[in-house]
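Trainee: Please find one structure pasted underneath; my questions will follow.
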Amino acid sequence: MTSRSATFRATVELGGKTATGICVPDDVVAGLGAGRKPAVVVTVGEHTYRSTVAVMGGRSMIPLSAEHRGLAGVSAGDDVEVHLELDDAPRVVTVPDDLAAALDEDDAARTFFHGLSSSQQRWFVSGIEEAKKPETRAARITRAVARLHEGRGQR
């Protein structure tokens, strides 16, 4: 029997120096019935965010970034109640105006970009948005459009 949601208790685990995550019990993953890497809405405390359950080191885990830990008011080692709900809402990436304008000038690049998964689209957008100088941003847009024109996604 499957369910669209589940609630369980877990410990926020530290993996490495700063990465944290929450182990999702196998019966919870199986109960969600959404395949190997289910997209989920995660609620820890009063904080909710979107994520994916992924297998890491043979265990099903959901990441809990520093931003999400802060918003949830938790730290590595804390025992927390976790609520997961299947997330079948489309992932939408907001394309910055300058990248959208550059894509509009290259049909092949635009078509390839819109055929990418949301995580691949987000990779391109993040690289551009992280630029601090306008000339760096412009150069990254030029490189991104060239890469997309050639039909190449994330490395």
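All of the numbers you see were taken from the coordinates with simple rules; none came from a lab. It should be emphasised that the depicted structure is a prediction, and the values quoted were computed from it without experimental measurement. FYI the Cβ positions are ideal-geometry reconstructions off the backbone, even for glycines, and counts take in every protein chain you see.
Trainee: Taking amide hydrogens as modeled 1.01 Å from N in the peptide plane, which residues meet the under 5 Å criterion relative to residue 20, leaving out close sequence neighbours?
Mentor: 15, 64
Trainee: Could I ask something else about it? Calculate for the chain the 222 nm mean residue ellipticity that helices alone would give, adding -39,500 (n - 2.57) per DSSP H run of length 4 or more and normalising by residue count, nearest 500 deg cm²/dmol.
Mentor: That comes out to -11000 deg cm²/dmol.
Trainee: How would 113, 8 line up from fewest to most surrounding beta-carbon atoms within 10 angstrom?
Mentor: Ascending Cβ contact count within 10 Å gives the list 8, 113.
Trainee: Ok, one more. Want the number for residue 94 to residue 5: 0.36 nm per residue separation, take away the alpha-carbon distance, what's left?
Mentor: So the chain would gain 29.3 nm between residue 94 and residue 5.
Trainee: I've got another one for you. Using only the alpha carbons of segment 106-145, determine the length spanned along each of the three principal axes and report them from longest to shortest in whole angstroms.
Mentor: 29, 21, 9
Trainee: Using the Karplus curve 6.51 cos²θ - 1.76 cosθ + 1.60 with θ = phi - 60°, what ³J(HN,Hα) values do you get for each residue of segment 127-132, in whole Hz, with x for Gly and Pro?
Mentor: x, 6, 5, 7, 5, 8
Trainee: Still on this structure: Using the basic label-point model (7 angstrom from Cα toward the beta carbon), what is the residue 139 to residue 26 distance in nanometres?
Mentor: 5.1 nm
Trainee: Loop-only trypsin sites (Lys or Arg not before Pro) in segment 59-148, please: DSSP not H, G, I, E or B, and at most 10 other Cβ atoms within 10 Å.
Mentor: 132
Trainee: Something else: Picking from 45, 14, 3, whose Cα lies most toward the positive end of the charge dipole for the chain (charges on Cβ: Lys, Arg +1; Asp, Glu -1)?
Mentor: Value: 14.
Trainee: For residue 60, what residues show an amide H to amide H distance below 5 Å, using hydrogens built from the backbone and excluding near sequence neighbours?
Mentor: Under 5 Å from the amide H of residue 60 lie the amide H atoms of 24, each far enough along the sequence or on another chain.
Trainee: Here's a follow-up. For segment 15-26, take each phi angle, set θ = phi - 60°, evaluate the Karplus expression 6.51 cos²θ - 1.76 cosθ + 1.60, and give the result in whole Hz per residue in order, putting x for glycine and proline.
Mentor: Ordered by residue, 3J(HN,Hα) equals x, x, 7, 10, 5, 10, x, 10, 7, 9, x, 4 Hz.
Trainee: Jot down the radius of gyration and Dmax of segment 5-86, Cα atoms only, both in angstrom.
Mentor: Gyration radius and largest Cα-Cα distance of segment 5-86: 11.5, 33 Å.
Trainee: Provide the per-residue ³J(HN,Hα) series for segment 101-111, in order, calculated from phi with Karplus coefficients 6.51, -1.76, 1.60 and θ = phi - 60°, each as a whole number of Hz, with x at glycine and proline positions.
Mentor: The phi angles translate into 5, 5, 5, 5, 8, 9, 4, 5, 5, 4, 4 Hz.
Trainee: Turning to a different aspect of this structure: Multiplying the sequence separation of residue 55 and residue 105 by 0.36 nm and subtracting their Cα-Cα distance, what value in nm do you get?
Mentor: Fully extending the segment from residue 55 to residue 105 adds 14.0 nm.
Trainee: Give me the Kirkwood hydrodynamic radius of the chain in Å, from all C-alpha pairs, to one decimal place?
Mentor: The Cα-based Kirkwood calculation yields 17.6 Å.
Trainee: For residue 114 and residue 79, what does the FRET efficiency come to when R0 = 41 Å and r is the distance between their Cβ atoms, rounded to the nearest 0.05?
Mentor: Computed FRET efficiency for residue 114 and residue 79 comes out at 0.45.
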